[in-house]
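As structure tokens, the structure follows; a few thoughts come after it.
The values are calculated or read from the model by the stated rules, or taken from the named source; none is laboratory data. Please read all numbers here as calculations on a predicted model, not as lab measurements. Cβ placement follows ideal geometry from the backbone for every residue including glycine, while neighbour counts extend to all protein chains displayed. Keep in mind that these areas ignore ligands, DNA and RNA; they rest on the heavy atoms of the full protein, side chains included. Shrake-Rupley method; radii C 1.70, N 1.55, O 1.52, S 1.80 Å.
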Amino acid sequence: MLPKKIFQEVLKKQYNIDKKAIASYEKEAKKFKKELEQYIIDEGVVDEVELYTISADMMKVPFITVKDQEIKKEILNLIPPPLAQAHKIIAFKQTEKEIYLAMTDPQDIQTIGFVEKKTGKIAVPHLTTPTDIKDALHRYHADLEQDLQVTQLSDGEEDVDAGELKKAAEEVSIINIINSIVEHAVYEGASDIHIEPLEKEVDVRYRVDGILRTVMTLPKKVQNGIMARIKILANLKIDEHMLPQDGRFKIQLQEDKFSFRVSIIPVYDGEKIVMRLLHEGQKPIELDQLGFLPKAKEIVAAAIKKPHGMILVTGPTGSGKSTTLYSILGMLNKPDVNISTIEDPIEYHVKGINQSQVNPRAGFTFAGGLRAFLRQDPDIIMVGEIRDKETAEIGIHAAMTGHLVLSTLHTNDAPTTLPRLLDMGVAPFLVAFTMNIIVAQRLVRRICEHCKEEFTLEAAAIKELERIFQVKNIVTFFESYNVSLNKKEKDLKSITFYRGKGCRRCGNSGYKGRIGIYEVLEMDKELQQKINEQATTKEIKKHAIEKGMTTMLEDGMIKAKQGITTIEEILRVTRE
């Protein structure tokens, strides 16, 4: 689609469609769940080719009709398929120094830059219509179908010869597809790649900033080749289709190394692949960069200075627990201490730290690794996750015998963690006297700095917020955390918050990147007594708040007022 500003300017100047009429068309477009531009074209209000020809003049770029061009296969394949589909861009011609691009948004500087970096040529962008791009993408798929002679499974029931699968995996087109999917995922800043077989096609989705989105759809015929190729890369059994498999592989893109953790499970239409991207050699992030407020940062810094005890980080899967632990380890990692970790998997390789990978097949579990560590003269131990009573008890005993122990646990908030350990069967007095702090966290999306705008809450949003965020005086609350307010900001109706309008740099989502929201529960004598008395989560939470603990919701509200994230994001991740 055209840039919004250009599109509306063309409607106004060339077609005499005023703001009122545009608003009316927008209302109708929403009814049909269409973009405004698509609706206006479909309804015949404007001609697509004419609209794009005028827009090209306004943007001072050449207009091209791709369907009239004979595009050679090798030129079409210069653009990675995920990039072509996600950003509506096609290469149609090249010279020794230049690559000619047909795009629906020639102002997409980021994508143009990626193409130049990948091809080593100067990009010459041209404007074309979405219909032409769609036609070119169909042509790409048709070429792909012809290139690949891959044996297909029938509903996953028939056995496919391993030799045939290996042959399919070695097809140049399959190798190019996998390379493109992986490379583009890195470019997009994805944390996970999902390759999902459907009845008639294969979907590829990326998780970017915690949100899954489809980036491309491949023909069903390439399914076996893709599966086989990834299994070969991850050193998995190529002819195993009925059991889950896990593996990993590494790639290098220019100066950066990336590790991919691969998980394959059988599904109705074949096998689904999920690949987790891990940037190797990435340095631990500082606590304030992660999003810790000054008070919470001080509590964490004081807790890790203690020579023994336990530090737990809790939250759901994908909430950034490992990143927080690595940041703490980064602060503790000095030549005069012995740090050992047992993980599943090892997500970041850190120089100076002894890192071990669990191997259940060989009998090397979290509990087994922990026992072995205690004979290795450790000062600091990190256990990737407490999954059972045995691991919890060994970790707690290690904390009691002069070691600093760091670990993670799956709970919704900090106060819930203590009763959870008791439910596992750990003795209350052990929990009470070994726990230093518990950090609970979630990840929220950051507002895109390039399209950030101010706004005030509407009545419905205020009502919802007042129900969840039960603070007597919002002004006093913000002032207690040194969040500046102007004289006009007296209540939720008048307080200014922020959101992303949506732009090319953030893919029109209004968000770019993520940051944590936290609550840090510090152990004190009164809390120790409550644990020994087996107090409920509600009682523990009440005590923690009375002692000044900032809840995740409060932490999020502070970040929303500071313009780091939005109210919607805070409610999305904290709503129970």
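For PHE32 and ILE122, what does the FRET efficiency come to when R0 = 51 Å and r is the distance between their Cβ atoms, rounded to the nearest 0.05?
So, using R0 = 51 Å, E works out to roughly 0.80.
Suppose every K and R has +1 on its Cβ and every D and E has -1 on its Cβ; what is the size of the dipole of the chain about the Cα centre, in Debye to the nearest 20?
1760 debye
Run the 1.4 Å probe and let me know the accessible area of ASP246, rounded to the nearest 10 Å².
120 Å²
I'd like to know which of LEU218, HIS241, LEU293 lies farthest towards the positive end of the charge dipole of the chain, counting +1 on Cβ of Lys and Arg and -1 on Cβ of Asp and Glu.
So the residue furthest toward the plus end is LEU293.
Return the distance in nm (one decimal) between the two label points of a simple spin-label model at GLN357 and THR317, each offset 7 Å from Cα along Cα→Cβ.
Label-label distance for GLN357 and THR317, simple model: 2.0 nm.
Averaged per residue, what accessible area in Å² does the stretch 310-376 show with a 1.4 Å probe, protein chains only?
46 Å²
Please report, for the Cα atoms of the chain, the Rg to one decimal and the Dmax as a whole number; what are they, in angstrom?
Every Cα atom of the chain included, Rg and Dmax give 27.5, 81 Å.
Please give, to one decimal in nm, the separation of the simple spin-label points placed at LYS542 and ARG467, each 7 Å out from Cα toward the Cβ.
For LYS542 paired with ARG467, the spin-label model returns 2.4 nm.
Give me the extension gain from ASN508 to GLN69: residue separation times 0.36 nm, minus the current Cα-Cα distance, reported in nm with one decimal.
Stretched fully, the ASN508-GLN69 segment lengthens by 155.0 nm.
Net charge within 12 Å of SER327 by Cβ-Cβ distance, Lys/Arg positive one each and Asp/Glu negative one each, not counting SER327 itself?
Around SER327, the charge tally is +1.
So which of LYS463/LYS561; LYS472/LYS541; LYS88/LYS117; LYS306/LYS334; LYS501/LYS561; LYS321/LYS547 end up more than 20 Å apart by C-alpha?
LYS321/LYS547
Any idea what the dipole of the stretch 200-277 comes to, in debye rounded to 20, about its Cα centre with Lys/Arg Cβ at +1 and Asp/Glu Cβ at -1?
The dipole magnitude comes to about 40 debye.
Exactly which GluC sites (Glu not before Pro) in the stretch 386-492 are in a DSSP loop and have at most 14 other Cβ atoms within 10 Å?
GLU449, GLU458
Kirkwood hydrodynamic radius, computed over distinct alpha-carbon pairs, for the stretch 1-99: how many Å, to one decimal?
15.5 Å
Which translational diffusion coefficient, to the nearest whole µm²/s, is obtained for the stretch 274-374 from the Stokes-Einstein equation, given a Kirkwood hydrodynamic radius over C-alpha pairs, 25 °C and 0.890 mPa s?
The calculation lands on 162 µm²/s.
Applying the Karplus parametrisation 6.51 cos²θ - 1.76 cosθ + 1.60 with θ = phi - 60° to the phi angles of the stretch 421-427, what ³J(HN,Hα) value in whole Hz is obtained for each residue in order, glycine and proline being reported as x?
Once rounded to whole Hz, the list reads 5, 5, 5, 5, x, 6, 5.
Using helices alone, what [θ] at 222 nm do you get for the chain, with -39,500 (n - 2.57) per DSSP H run of 4 or more residues, divided over all residues and rounded to the nearest 500?
When only DSSP H runs of four or more count, the value is -12000 deg cm²/dmol.
Between beta-carbons, use under 13 Å as the cut-off and find the net charge around TYR206, counting Lys and Arg +1, Asp and Glu -1.
-2
For helix 459-468, what angle does its Cα long axis make with the longest principal axis of the chain, in degrees from 0 to 90 and rounded to 10?
The helix 459-468 is inclined about 30 degrees to the chain.
Scan the stretch 501-576 for trypsin sites (Lys or Arg not before Pro) in coil per DSSP, keeping those whose Cβ has at most 12 other Cβ atoms within 10 Å, and list them by number.
LYS547, ARG575
Select from the stretch 7-89 those trypsin sites (Lys or Arg not before Pro) which occupy a DSSP coil region and have at most 16 other Cβ atoms within 10 Å, ordered by residue number.
Those that pass, being in a loop and sparsely packed, are LYS33, LYS34, LYS60, LYS72.
Which is the longest part of the chain that has none of the chymotrypsin sites (Phe, Trp or Tyr not before Pro) sitting in a DSSP loop with at most 14 other Cβ atoms within 10 Å?
269-576
Contact order normalised by length for the chain, with contacts defined as Cα pairs under 8 Å and 6 or more residues apart; what percent is it?
It rounds to 9 percent for the chain.
Could you work out how far helix 48-59 tilts from the main Cα principal axis of the chain, as a 0 to 90 degree angle to the nearest 10?
Approximately 70 degrees, to the nearest 10.
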